[in-house]
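> Before I ask anything, here is the structure I am working with.
The values are calculated or read from the model by the stated rules, or taken from the named source; none is laboratory data. Predicted model only: the values in this text are computed from it and were never measured. Cβ coordinates were reconstructed from backbone atoms using ideal geometry, including for glycine residues, and neighbour counts include every protein chain displayed.
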Amino acid sequence: MFPMLGEKELDALREISNIGAGNAVTALHQMTQRVILLEVPEVKLVPFSRVVESLGGPEEEVVGLFFRVFGGSRGNMLVVMPRASAEQLLRMLFNGHGPKKPLGEMEISALKEVANILTSSYLGAVGTILKMPLIPSIPAFSMDMAQAVVDLLLIELCEVTHEALVIQTDFNSRDGSFRGHFFLLPDPAHIGTIIKAIQAM
């Protein structure tokens with residue numbers, strides 16, 4: 001499903017994603033006033049079974065915010081954090097007040113807004129470089145075991161392919177109080193538009 005992806009294209013996707021993720025963590029720093037460290041993005045073709053390994057294993061409890069990507073190309077994006085990290089992020093946003101357990105409507109709304117800002121910053125930078133609009137949908141929220149969250153993301157892709165092109169970037173606060181992941185999964189049927197944009201750069 002990804003025959004056009006050579007090493008040159010993968011390197012370009014890695015560099016473009018690095019810029020997009022850098023924009024996103026700058027926005028996160030502005031929201032939390034914490035120094036955010038960004039890991040070099042990974043761009044890889046992997047079987048679906050391996051996507052969940054990046055999240056600490058299938059039984060790790062995580063908060064996932066899922067977006068569909070529209071515009072010049074299509075795909076899916078997922079912002080994922082361990083539940084403890086999501087709760088710490090909420091404490092930062094609400095001036096030290098602990099979140100409700102289970103999370104209430106206000107906390108979920110705040111996490112959706114954070115993820116929306118991160119995703120819009122990420123896709124905005126990537127879209128500018130590729131000279132195509134990349135527009136996120138309204139986020140869907142899920143708090144569950146990592147396997148269930150990833151299944152939500154991959155269920156439609158499973159109908160057309162058994163592997164995913166995963167563009168993954170991890171981020172951490174310098175004090176180690178929270179961490180998270182960005183996953184961008186281009187739609188196999190639309191990867192050609194991204195490759196053409198890369199080749200035209």
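> Answer with yes or no whether I155 is surrounded by fewer than 21 Cβ atoms within 10 Å (Cβ to Cβ), of a type in the set (A, V, I, L, M, F, W, C) and at pLDDT 90 or above.
Values: surrounded by fewer than 21 Cβ atoms within 10 Å (Cβ to Cβ): yes; of a type in the set (A, V, I, L, M, F, W, C): yes; at pLDDT 90 or above: no.
Spelling it out, it is not the case that I155 is surrounded by fewer than 21 Cβ atoms within 10 Å (Cβ to Cβ), of a type in the set (A, V, I, L, M, F, W, C) and at pLDDT 90 or above.
> Filter region 37-73 down to residues that are modelled with pLDDT of 90 or more and surrounded by 18 or more Cβ atoms within 10 Å (Cβ to Cβ), then give me how many there are.
8
> Looking at region 133-146, I want the residues that are under 26 Å from P58 (Cα atoms) and have a partner that is exposed (fewer than 14 other Cβ atoms within 10 Å of the Cβ) and acidic (D, E) with Cβ atoms under 8 Å, at least 6 apart or on another chain. Which pairs are those?
Going by the 8 Å Cβ cut-off, the qualifying pairs are M145/E59; A146/E59.
> Additional query: Among N18, N76, which is among the polar types (S, T, N, Q) and out of contact with any helix residue (DSSP H, G or I) (no Cβ under 7 Å at 6 or more places or on another chain)?
Numbers: N76 fails: out of contact with any helix residue (DSSP H, G or I) (no Cβ under 7 Å at 6 or more places or on another chain).
None of the others qualify; the one that does is N18.
> Quick one: count up the residues across region 158-174 that are surrounded by fewer than 17 Cβ atoms within 10 Å (Cβ to Cβ) and modelled with pLDDT of 85 or more.
The qualifying residues number 1.
> Filter region 170-185 down to the residues that are of a type in the set (D, E, K, R), over 13 Å from E42 (Cβ atoms) and not in a loop (DSSP other than H, G, I, E, B) and list them by number. Give the steps one after another, and end with the answer.
Residues of region 170-185 of a type in the set (D, E, K, R): 170, 174-175, 179.
Of the ones still in play, those that are also over 13 Å from E42 (Cβ atoms) are 174-175, 179.
The answer is R179, and nothing else.
> Just one of the numbered conditions (1) among the hydroxyl-bearing types (S, T, Y); (2) touching a helix residue (DSSP H, G or I) at 6+ places or on another chain (Cβ under 8 Å); (3) closer than 30 Å to M201 by Cβ; (4) surrounded by fewer than 17 Cβ atoms within 10 Å (Cβ to Cβ) is not true of S177; which one?
(3) is the only condition that S177 fails.
> Kindly provide the set of residues from region 74-87 that are out of contact with any Gly (no Cβ under 9 Å at 6 or more places or on another chain) and buried (at least 20 other Cβ atoms within 10 Å of the Cβ), ordered by number. Outline the logic, then answer.
Residues of region 74-87 that are out of contact with any Gly (no Cβ under 9 Å at 6 or more places or on another chain), as a first pass: 74-77, 83-84.
Result: G75, N76, M77.
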